[in-house]
Amino acid sequence: MIQNQIETHLVRKQSKFPAVCNYCNNPISSDDISYVEEGVTEHIHSLIARKFCSDCYTKYGEQILFKGKNE
């Protein structure tokens, strides 16, 4: 099966609503800075875009966060 890959990057945003970091599972409070996945050329709906806390972004960087813990 061929899987479509959308080229993405992370964008720094201020959270409007509470969320959970997709890497460490810690809560991201409203008004905290987080990093949200965004498509480079294609739109990614906010419900499926991954969100990461600023601690994980600072500690691991974008490439490690996209690979995930299991790889």
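Worth pointing out:
- Nonlocal amide H pairs with residue 23, under 5 Å, H built at 1.01 Å: 53
- In sequence order, calculated HN-Hα J values of the range 50-58 (Karplus, 6.51, -1.76, 1.60; Hz; x Gly/Pro): 6, 10, 10, 6, 5, 5, 5, 4, 5
- Residues whose amide H comes within less than 5 Å of that of residue 32, counting only those at least five positions distant or on another chain, are 15 (H built at 1.01 Å from N in the peptide plane).
- Solvent-accessible area, 1.4 Å probe, carbon plus sulfur percent, for the chain: 48 percent
- Relative contact order, percent, the chain [alpha-carbon distance under 8 Å, six or more residues apart]: 31 percent
- For residue 8, distant residues with modelled amide H under 5 Å away: 40
- Note on Cα extents along the principal axes in Å: of the candidates [x] 41, 22, 16; [y] 48, 29, 16; [z] 38, 25, 17, the value calculated from this structure sits at [z].
- Over the chain, DSSP H runs of length four or greater, each weighted -39,500 (n - 2.57), average out per residue to a 222 nm ellipticity of -4500 deg cm²/dmol.
- Taking θ as phi - 60° and the Karplus parameters 6.51, -1.76 and 1.60, the scalar couplings of the range 59-65 work out to 6, 10, x, 5, 5, 5, 5 Hz in sequence order, x denoting glycine and proline.
- The phi-based Karplus calculation (6.51 cos²θ - 1.76 cosθ + 1.60; θ = phi - 60°) puts the 3J(HN,Hα) values of the range 14-30 at 8, 5, 9, 10, x, 8, 10, 5, 6, 9, 9, 6, 7, x, 10, 6, 5 Hz, whole numbers, x for Gly and Pro.
- In the complete set of protein chains, residue-level accessible area for residue 28 is approximately 0 Å², probe 1.4 angstrom.
The values are calculated or read from the model by the stated rules, or taken from the named source; none is laboratory data. In this text, all values refer to a predicted model and were calculated from it rather than measured experimentally. Ligands, DNA and RNA are excluded from the accessible area calculation, which covers all protein heavy atoms including side chains. Shrake-Rupley method; radii C 1.70, N 1.55, O 1.52, S 1.80 Å.
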